[in-house]
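Read the figures in this text as sums done on the coordinates, not as results from a lab. These numbers were taken from a predicted model, which means no experiment stands behind them. Every residue, glycine as well, gets a Cβ built from its backbone with ideal geometry; the counts of neighbours run over all protein chains shown.
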Amino acid sequence: MASNDTGSPLDRLLRIFTDVKPGEGFTALLLSLNIFLILMAYYVLKPVREALILGGGSAELKTYMSAAQVLVLAVVVPYYGRLVDRMDRRRLINYVTGFFVLCLIVFYVLGQMKVPLGIVFFLWIGIFNLMIVAQFWSFANDVYTKDQGERLFAIVGFGASLGAVFGSRFASRFIERLGVYELMLIGAGLLVIEVLLTNYIDRREAATERRATKGAAPKEAAPQVNPFQMVFKTHYLLIMAFMLLFLNTVNTTGEYILGSIVRDAAVQHVGSGDPQAVENAIGSFYATYFSYVNILGLLLQLFVVSRVVKYLGVPIGVVIGPILSLTAYGVISFFPLLRAVLAAKVAENSTDYSINNTIRNMLFLPCTREQKYSAKQAIDSFFVRMGDVLSAALVFVGTSFLGLSARGFAMVNASLVLIWLVLAYRVGQQYKVLAETGKPPVTTA
């Protein structure tokens, strides 16, 4: 995409996917490997979560645990904010990642002692997934300037997509051979490699930053602010928080809609008298569904994300997700047929995992360090998980009191997408103003 052919062979190779200036390719590749390891670790651990919670509990218990995770995050996020105030980024990442690694080792030991871990591990992995991924993107936002992030996050995000695919494949292939608890140690090992890589990247970038800022006046320390206070007192961050809340509510409810239509179609196809055949039909559908989503998501991440940002810009890119979701649930509302639902959800989820996910992480590029770490944790963990809780409440009310069908839920979701679209538009416009002025979002006293 860049007209100039200078730089290393790696820089020139990566220009197939986005604009890479001389010397930028290596760091982009390292950050991509970093998030690859994080997502691979999560997807290695994800089947462990399902085995423990369903083996010792029930599917309904999983829904209730989403509410419990919100309560835990309400305590954990402010504590994380205090760590941000007291530590530089390397120590912060080392301490937090080290804590999660230690937890996995403790879980392994307790598992060997036959201690029931279902509920505790389910709560833990829900918090781990949100916090460790948000922390990585905070680090990437800290390493890159706004211009670099807009160009290079497409490459970084590819590592996340690939890590999810590799982690899922590894777990499905080795869980029976190695055992559920042994996968915990695999996950811990991946995190250790990841944090060592983070330290290398940080030392490398810190040396560059010192050379660039030599002789500049030291920055004044920002006053300590609770992460939730920071979000509610910063208009830009608050709109972003509610945008992600509605995004996750829509997405989680959409998964319920898909599941109900798939189950009804499977029963109708094979007959309700053979539960095993119904389960096989459902499993076959989801295997196809996830394959389509993963393949299309990878292609979008590699060839579309950077071009959307370059030619349309972040303000337009941030509304692509809700526009596609509105189209998807409009289709489901009028044509709740399995093939139509499959096409709609593949389009929605592959876009969410690629374009939407990468661009929403770019939205923090104009922010201060405290906003990138503390406020991002609050938004990407607490507000995102609140979307799960609202979705669970919506499904409960819709099924228990309103008798909504899949079509009815699709109509409700389409209404929620309109709110998401308005919030996304406003976030995009504020991002544009921040980018033009070069000033971070203002937090009111």
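Normalising the average separation of contacting C-alpha pairs (under 8 angstrom, six or more residues apart) by the number of residues puts the relative contact order of region 23-207 at 55 percent.
Quick one: of 21/439; 146/439; 146/376; 21/372, which pairs are farther than 19 Å apart, Cα to Cα? Exceeds cut-off: 21/439; 21/372. Among the chymotrypsin sites (Phe, Trp or Tyr not before Pro) in region 397-445, those placed in a DSSP loop whose Cβ has at most 14 other Cβ atoms within 10 Å are 401. Taken over the alpha carbons of region 223-445 as equal point scatterers, the Debye sum produces base-10 log I(q)/I(0) values at 0.10 Å⁻¹ of -0.50. Ranking 190, 29, 115 by Cα position along the charge dipole of the chain, where only Lys, Arg, Asp and Glu carry charges on their C-beta atoms, puts 29 farthest toward the positive end. Using Cβ point charges alone (K and R +1, D and E -1), the dipole size of region 23-207 about the Cα centre works out to roughly 260 debye.
Based on DSSP H assignment, which helices of the chain show an axial Cα extent of at least 15 Å together with a mean Kyte-Doolittle hydropathy greater than or equal to 1.6?
Working: long enough: 25-56 (47 Å, 1.46); 59-86 (40 Å, 0.67); 89-112 (35 Å, 1.14); 118-143 (37 Å, 1.55); 146-178 (46 Å, 0.29); 180-212 (48 Å, 0.43); 235-270 (53 Å, 0.92); 275-303 (42 Å, 0.83); 314-334 (31 Å, 1.86); 338-351 (19 Å, 0.45); 384-400 (24 Å, 1.27); 406-437 (46 Å, 0.80).
The qualifying helices are 314-334.
Taking 0.36 nm per residue of separation and subtracting the Cα-Cα distance, full extension of the segment from residue 442 to residue 71 would add 130.8 nm.
Among 172-183, 133-144, 7-18, how do they line up by average Cβ neighbours within 10 Å per residue, starting with the highest?
On the way: 172-183: 14.1, 133-144: 23.1, 7-18: 16.7.
Put in order of decreasing packing, that is 133-144, 7-18, 172-183.
For the chain, what log10 I(q)/I(0) values come out of the Debye formula at q = 0.07, 0.09, 0.11 1/Å, with one point per alpha carbon and no solvent? Taking Cα atoms of the chain as identical point scatterers yields -0.35, -0.59, -0.90. Rounded to the nearest 20 debye, the dipole magnitude of the chain is 840 debye, with +1 charges on Lys and Arg beta carbons, -1 on Asp and Glu beta carbons, and the Cα centre as origin. Full extension of the segment from residue 422 to residue 169, taken as 0.36 nm per residue of separation minus the current Cα-Cα distance, would add 87.3 nm.
Two decimals is fine: what's Rg over Rh for region 23-207, C-alpha atoms, Kirkwood radius as Rh? Working shown, then result.
On the way: Rg = 17.0 Å, Rh = 17.3 Å.
Computed over Cα atoms, the ratio is 0.98.
When the Cα positions of 320, 252, 200 are compared along the charge dipole of the chain, 200 comes out farthest toward the positive end, with charges on each C-beta of Lys, Arg, Asp and Glu. When +1 charges are put on Lys and Arg Cβ atoms and -1 charges on Asp and Glu Cβ atoms, the dipole computed for region 223-445 relative to its Cα centre reaches about 760 debye. Here the peptides 311-321, 67-77, 149-159 are ranked by packing, the mean other Cβ count within 10 Å, and the order with the highest first is 149-159, 311-321, 67-77. Rounded to the nearest 500, the 222 nm mean residue ellipticity of the chain from helices alone is -27500 deg cm²/dmol, with -39,500 (n - 2.57) taken per DSSP H run of at least 4 residues.
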